[in-house]
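J.: One structure, pasted below without further comment.
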């Protein structure tokens with residue numbers, strides 16, 4: 001019944017922790033980025049930061065979709081709601097603040113039609129139930145989420161359902177990693193690459209990062225032993241000066257990823273510039289619906305524009321997602337900004353770096 | 001219309017003929033032997049020795065039936081346990097039923113039978129009650145409310161003020177089973193090997209540990225918010241903290257697996273038949289032995305201790321991986337309508 005037990009063996013963890021200390025021996029300081037929010041949560045939940053050698057630092061990256069989605073996207077979503085659209089969304093976007101602090105949860109409380117879905121396909125039933133209304137699925141996410149979200153349009157097309165569309169803010173992980181490396185005040189020695197995204201794009205997708213920027217990339221799973229094994233590999237590669245891509249998560253991730261998901265993405269989407277909190281406008285870092293699929297694009301269909309929007313005052317989420325600071329360095333952290341009353345998106349999402357630090361690491365630091 | 005007469009109608013709550021029939025057919029045969037005999041407006045109760053403990057609780061769990069229990073057993077044990085962890089033995093219960101028009105008599109009967117069985121097991125008598133019916137759509141099936149009067153057991157003097165560094169933290173069995181059983185039922189994951197609610201009276205634990213009562217500083221039944229919420233409420237603002245040992249915390253594998261799959265922390269998942277306690281280290285072993293001698297406490301364990309320093313006012317945990325982390329209060333409405 002406990003499928004994860006083997007990946008949480010304390011004896012193996014102790015051996016890996018000793019391995020980390022041995023591999024990082026010496027006084028060279030090493031800084032690695034875990035790109036994915038679920039890695040951030042795993043580090044917190046299993047207390048893994050305490051196992052890192054003192055000269056090894058782990059910073060969180062731009063892999064939490066809610067955290068990197070600009071407030072302008074929420075401005076646009078709320079505008080669609082105001083114009084009468086039924087909004088369907090993943091739950092973690094519900095409390096993310098728009099430019100003026102409004103949220104989808106607040107809109108729902110005021111009588112707006114906002115439905116939380118576990119699967120994008122649930123929007124189909126909403127569209128069928130309200131044929132006279134436009135149902136808009138708030139389509140955010142990285143490659144992991146993109147293919148299942150596109151299935152909503154595929155199924156709607158097949159069923160002849162016309163009153164459903166996507167407000168897209170799709171993201172590609174590799175351009176974001178490259179942008180972090182190009183940020184002048186961020187010095188990284190390698191990446192712990194996101195496992196679920198890698199099931200789609202494949203481990204080979206990180207080769208350009210390793211080759212062009214000379215940084216090792218290790219794909220690792222979300223279980224604590226996966227994270228420790230991935231870090232050990234990163235320390236070894238970085239100290240040996242080997243900028244290679246290694247796949248610790250080979251039990252799930254293949255070199256080429258999921259060909260069907262990739263084909264679906266190519267069939268429907270085309271790379272496009274996208275706004276990222278903290279990183280700005282990055283070329284080809286997102287995906288938009290191809291011109292011949294424009295009928296599924298809610299922004300075009302209903303005439304709204306998705307801009308960057310305004311950042312909440314004093315909020316340093318942008319610096320957090322770029323790895324420039326750890327969450328407690330933000331002056332709002334734990335004071336004006338808590339999971340109960342979040343100011344910035346990194347505190348909103350359960351996988352946001354600020355929420356993870358608040359939940360697991362805000363006390364006990366000596 | 002209800003030609004077969006197998007559903008609750010608004011008239012069952014109207015105070016007329018159908019109300020009388022409902023009471024006569026369903027309530028009196030189950031509860032009519034004690035103070036309810038003759039259906040007085042208020043129960044006449046005999047004096048019960050010394051000080052009295054009094055509590056109340058409401059039950060809205062959805063779905064009303066789940067592996068290991070139902071809203072009926074929950075309504076009895078919830079109130080019995082609130083009294084027990086205050087060092088009191090429940091003697092009398094009130095039982096209020098709020099029924100939705102259209103509820104089947106089959107559901108009502110199963111719930112009332114379950115109340116009867118749980119009350120007998122816990123040694124408590126339903127002494128008074130009330131039934132209301134609300135129009136369809138204005139409640140979800142049925143809600144229950146119970147209040148309880150209990151007599152204080154000698155020796156217990158429970159207060160977090162008495163907790164000292166070095167004290168031990170005990171739990172009477174695997175944590176989080178109730179929350180995971182209800183979630184499994186709600187999501188239709190329920191299966192033979194799946195999570196089962198621990199719903200039970202914890203009074204046998206309190207009675208078994210009575211000889212060591214003086215060394216027990218604090219007890220709670222970790223219901224909503226689970227062990228994490230109970231311990232955080234205990235530690236908040238104190239000049240000490242609580243350090244748990246993840247490897248020592250008993251967990252049923254079915255609950256742990258579901259919690260993992262749902263991304264939930266079992267420490268945030270409610271228990272309905274457990275006690276978490278802090279006691280003097282000199283009696284910890286004896287309390288554990290007494291608990292393990294009872295049916296509900298067979299898997300009791302020491303899971304942590306009271307510490308001074310970096311974690312004052314908080315709850316922390318040494319993880320199985322050898323790291324340390326904060327054990328926070330659950331946020332928001334993690335598990336709505338769980339009890």
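The values are calculated or read from the model by the stated rules, or taken from the named source; none is laboratory data. From a predicted model like this one, the values you see are computed outputs, not experimental measurements. Note that we place each Cβ from the backbone using ideal geometry, even for glycine, and neighbour counts take in every protein chain shown.
J.: Going residue by residue through the stretch B:266-273, is there one that turns out to be crowded, with 21+ Cβ neighbours inside 10 Å, in contact (Cβ under 8 Å) with a residue 24 or more places away in the chain, in contact with a strand residue (DSSP E or B) (Cβ under 8 Å, 6 or more places away or on another chain) and more than 20 Å from residue A:41 (Cα to Cα)?
T.: Looking for residues that are crowded, with 21+ Cβ neighbours inside 10 Å, in contact (Cβ under 8 Å) with a residue 24 or more places away in the chain, in contact with a strand residue (DSSP E or B) (Cβ under 8 Å, 6 or more places away or on another chain) and more than 20 Å from residue A:41 (Cα to Cα), one finds at least one in the stretch B:266-273, hence yes.
J.: Only one of (1) touching a helix residue (DSSP H, G or I) at 6+ places or on another chain (Cβ under 8 Å); (2) touching a residue at least 12 places away in the same chain (Cβ under 8 Å); (3) farther than 25 Å from residue B:183 by Cβ fails for residue B:308. Which number is that?
T.: Single failed check for residue B:308: (1).
J.: Could I ask something else about it? Yes or no: the stretch A:285-300 includes at least one residue that is in a loop (DSSP other than H, G, I, E, B) and assigned by TED's automatic domain parsing to the domain that holds residue A:98.
T.: Yes: one or more hits.
J.: Checking the structure you have, find out if any residue of the stretch B:204-211 is within 14 Å of chain A (Cβ to nearest Cβ) and either in contact with a strand residue (DSSP E or B) (Cβ under 8 Å, 6 or more places away or on another chain) or part of a loop (DSSP other than H, G, I, E, B) (or both).
T.: The answer is no; no qualifying residue exists.
J.: Considering every residue within the stretch A:311-327, establish whether at least one is within 14 Å of chain B (Cβ to nearest Cβ) and touching a residue at least 24 places away in the same chain (Cβ under 8 Å).
T.: Looking for residues that are within 14 Å of chain B (Cβ to nearest Cβ) and touching a residue at least 24 places away in the same chain (Cβ under 8 Å), one finds at least one in the stretch A:311-327, hence yes.
J.: Among the residues of the stretch A:250-264, write down those that are in a helix (DSSP H, G or I) and either farther than 13 Å from residue A:151 by Cα or touching a strand residue (DSSP E or B) at 6+ places or on another chain (Cβ under 7 Å) (or both).
T.: A:259
J.: Moving to a separate point now. Across the stretch A:180-196, which residue is modelled with the lowest pLDDT among those that are crowded, with 20+ Cβ neighbours inside 10 Å and assigned to a helix (DSSP H, G or I)?
T.: By that ranking, first place goes to A:180.
J.: Among the residues of the stretch A:29-53 satisfying the criterion of being in a loop (DSSP other than H, G, I, E, B) and either within 12 Å of the chain's Cα centre (by Cα) or facing chain B (nearest Cβ under 7 Å) (or both), which is nearest to residue B:326 (Cα to Cα)?
T.: Once the filter is applied, the top-ranked residue is A:47.
J.: Only one of these conditions is not met by residue A:342: (1) in contact with a helix residue (DSSP H, G or I) (Cβ under 6 Å, 6 or more places away or on another chain); (2) within 14 Å of another protein chain (Cβ to nearest Cβ); (3) part of a helix (DSSP H, G or I). Which number is it?
T.: (3)
J.: Based on what the data block shows, is residue B:185 surrounded by fewer than 19 Cβ atoms within 10 Å (Cβ to Cβ) and closer than 18 Å to residue B:72 by Cβ?
T.: no
J.: Then there is this: Only one of (1) more than 17 Å from the chain's Cα centre (by Cα); (2) closer than 21 Å to residue B:325 by Cβ; (3) within 14 Å of chain B (Cβ to nearest Cβ) fails for residue A:57. Which number is that?
T.: It fails just one condition, (3).
J.: Of the conditions (1) in contact (Cβ under 8 Å) with a residue 60 or more places away in the chain; (2) in contact with a helix residue (DSSP H, G or I) (Cβ under 7 Å, 6 or more places away or on another chain); (3) over 24 Å from residue A:183 (Cα atoms), residue A:257 clears all except one; give me its number.
T.: (1)
J.: Could you list, in sequence order, all residues of the stretch B:112-146 that are more than 28 Å from residue B:52 (Cβ to Cβ) and in contact with a helix residue (DSSP H, G or I) (Cβ under 6 Å, 6 or more places away or on another chain)?
T.: Across the stretch B:112-146, the qualifying residue is only B:133.
J.: How many residues, within the stretch B:302-321, are crowded, with 20+ Cβ neighbours inside 10 Å and either within 23 Å of the chain's Cα centre (by Cα) or within 14 Å of another protein chain (Cβ to nearest Cβ) (or both)?
T.: Count: 9.
J.: Okay, moving on. Here's a check for you: in the stretch A:349-364, which residue that is within 11 Å of chain B (Cβ to nearest Cβ) and outside any loop (DSSP other than H, G, I, E, B) is surrounded by the most Cβ atoms within 10 Å (Cβ to Cβ)?
T.: Top of the filtered list is A:355.
J.: Still on this model: Among all residue pairs at least 6 apart or on different chains, which show Cβ distances below 6 Å where the first residue, located in the stretch B:31-52, is at positive phi and the second is surrounded by 13 or more Cβ atoms within 10 Å (Cβ to Cβ)?
T.: B:49/B:151
J.: Considering the stretch B:20-65 alone, what residues qualify as being assigned to a loop (DSSP other than H, G, I, E, B) and either farther than 20 Å from residue B:80 by Cβ or not assigned by TED's automatic domain parsing to the domain that holds residue B:78 (or both)?
T.: Once the filter is applied, which keeps residues that are assigned to a loop (DSSP other than H, G, I, E, B) and either farther than 20 Å from residue B:80 by Cβ or not assigned by TED's automatic domain parsing to the domain that holds residue B:78 (or both), the stretch B:20-65 yields B:32, B:37, B:38, B:39, B:40, B:41, B:42, B:44, B:47, B:62, B:63.
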